[in-house]
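Engineer: The structure's right below; bear with me while I get my questions together.
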Amino acid sequence: MMVGLAVLVLAPAARAHWDETMGCKMHYPQYPDPDGWDIDMTNYTLADDFRCMQSGPITGIHFWFSWHYGEGDDEAIRKVHASIHDNVPAPANGGFSHPGVLLWERDFVDFEIAGPFYGVQGWDNPTFNEDGTECAYEDHFQFYLMNLKVPEDEAHWQERDTIYWLDLHVETVGGEVGWKTTFPWEIYEDPAVYLVDDVAGGEIWEPILVCEENMWTDLAFVITPEPATLALLGLGALGLIARRRRK
């Protein structure tokens with residue numbers, strides 16, 4: 001499971017960054033597949049579902065990403081828009097679940113990035129099967145971990161054993177960012193989805209199909225609780241050496 005993270009460099013405590021010793025408050029961490037794909041999250045809004053395993057606020061959102069063609073810099077990221085939705089279950093006659101009512105949202109212009117990490121990765125956009133875009137094999141070889149810290153007074157409270165959706169969109173002033181796919185065996189419940197349209201009757205979502213296999217996929221991310229809760233659980237506090245960006 002951790003083969004893709006073997007190149008992580010550990011440093012003294014820095015709670016803003018996530019590593020496996022710090023635990024999480026979702027079903028399990030969805031680790032990045034270093035030889036997987038990156039799904040365009042600059043031109044699209046992407047979402048993935050998770051089950052809350054501990055009642056309390058979300059104070060950390062961590063996801064892995066790459067730059068299209070490997071060309072980009074922290075300073076080109078203008079903001080990250082994150083939101084939490086409730087779950088619309090899959091219909092009894094088939095189909096897939098998707099984000100429902102908006103429960104929380106926030107724009108981040110202050111974040112921390114760890115990396116780079118390495119692998120042979122492809123680039124895809126969610127509408128590949130619709131617009132005929134060719135898949136970009138061996139598009140880039142580096143990926144990063146984005147750490148978003150949510151102030152406790154702005155955090156969304158979650159209930160244990162409830163399924164939620166994390167939606168993410170990255171706005172840049174140059175270059176395209178992709179959300180990394182997780183390992184096939186890390187897929188939880190239904191596939192990750194992308195926002196097709198936002199109409200008067202609600203949002204329309206469709207499953208993300210990886211262009212190579214034309215199969216459903218999930219995305220690489222971790223949801224964490226506040227540090228005080230982690231301390232009570234007796235979990236470690238090792239951090240990652242990272243580059244900090246502040247607006």
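The values are calculated or read from the model by the stated rules, or taken from the named source; none is laboratory data. The shown structure was predicted, so the numbers you read here are calculated from the model rather than taken from an experiment. Neighbour counts are summed over all protein chains in view; Cβ atoms, including those assigned to glycine, are modelled from backbone coordinates with ideal geometry.
Engineer: Name the single residue, out of those in segment 153-188 being under 16 Å from the mean Cα position of the chain (by Cα) and not in a strand (DSSP E or B), that is nearest to Val88 (Cα to Cα).
Structural biologist: Keep residues of segment 153-188 that are under 16 Å from the mean Cα position of the chain (by Cα), which gives 163-171, 176-184, 186-188.
The next check asks that each one be not in a strand (DSSP E or B); those that pass are 176, 183-184, 186-188.
Working: Glu176: 29, Phe183: 24, Pro184: 23, Glu186: 21, Ile187: 18, Tyr188: 15 Å.
Of everything passing the filter in segment 153-188, Tyr188 is nearest to Val88 (Cα to Cα).
Engineer: Can you pull out the residues in segment 62-95 that are among the polar types (S, T, N, Q) and surrounded by 13 or more Cβ atoms within 10 Å (Cβ to Cβ)? Give the steps one after another, and end with the answer.
Structural biologist: Restricting attention to segment 62-95, the residues satisfying the condition of being among the polar types (S, T, N, Q) are 66, 83, 87, 93.
Across segment 62-95, the qualifying residues are Ser66, Ser83, Asn87.
Engineer: Moving on to the next point. Determine whether segment 160-182 contains at least one residue that is touching a helix residue (DSSP H, G or I) at 6+ places or on another chain (Cβ under 7 Å), charged (D, E, K, R) and touching a residue at least 60 places away in the same chain (Cβ under 8 Å). Lay out the reasoning, then the answer.
Structural biologist: If we filter segment 160-182 for residues that are touching a helix residue (DSSP H, G or I) at 6+ places or on another chain (Cβ under 7 Å), which is where we start, we get 172-176, 178.
Then drop every residue that is not charged (D, E, K, R), which leaves 176.
Next, from what is left, pick out any that are touching a residue at least 60 places away in the same chain (Cβ under 8 Å): 176.
Checked against the condition, which is being touching a helix residue (DSSP H, G or I) at 6+ places or on another chain (Cβ under 7 Å), charged (D, E, K, R) and touching a residue at least 60 places away in the same chain (Cβ under 8 Å), segment 160-182 yields at least one hit.
Engineer: Count, please, the residues in segment 31-54 that happen to be crowded, with 21+ Cβ neighbours inside 10 Å, aliphatic (A, V, I, L, M) and either in a loop (DSSP other than H, G, I, E, B) or over 13 Å from the mean Cα position of the chain (by Cα) (or both).
Structural biologist: Selection size over segment 31-54: 1.
Engineer: Output the number of the condition that Ala114 fails; it satisfies all remaining conditions of (1) modelled with pLDDT under 95; (2) surrounded by fewer than 21 Cβ atoms within 10 Å (Cβ to Cβ); (3) in contact with a His (Cβ under 9 Å, 6 or more places away or on another chain); (4) of a type in the set (Gly, Ala, Ser).
Structural biologist: (2)
Engineer: While we're here: Only one of Asp107, Asp161, Asp131 is modelled with pLDDT under 90 and exposed (fewer than 15 other Cβ atoms within 10 Å of the Cβ); which?
Structural biologist: Values: Asp107 fails: modelled with pLDDT under 90; Asp161 fails: modelled with pLDDT under 90.
Result of the check over Asp107, Asp161, Asp131: Asp131.
Engineer: Another question, then. What tally of residues in segment 160-187 results from selecting those that are polar (S, T, N, Q) and farther than 15 Å from Thr217 by Cβ? Explain how you work it out, then say what you get.
Structural biologist: Quick first cut of segment 160-187, residues polar (S, T, N, Q) only: 162, 172, 181-182.
From what's left, farther than 15 Å from Thr217 by Cβ: 162, 172.
Residues in segment 160-187 being polar (S, T, N, Q) and farther than 15 Å from Thr217 by Cβ: 2 in total.
Engineer: From the list Gly100, Gly178, Gly115, Gly174, exactly one residue is within 19 Å of Trp37 (Cβ to Cβ) and either acidic (Asp, Glu) or touching an Asp or Glu at 6+ places or on another chain (Cβ under 9 Å) (or both). Which is it? Spell out how you get there, then give the answer.
Structural biologist: Numbers: Gly100 fails: within 19 Å of Trp37 (Cβ to Cβ); Gly115 fails: either acidic (Asp, Glu) or touching an Asp or Glu at 6+ places or on another chain (Cβ under 9 Å) (or both); Gly174 fails: within 19 Å of Trp37 (Cβ to Cβ).
One residue alone meets the criteria, Gly178.
Engineer: Among the numbered conditions (1) of a type outside the set (Gly, Ala, Ser); (2) touching a residue at least 24 places away in the same chain (Cβ under 8 Å); (3) part of a strand (DSSP E or B); (4) within 30 Å of Ser55 (Cβ to Cβ), tell me where Phe143 comes up short.
Structural biologist: Every condition holds for Phe143 apart from (4).
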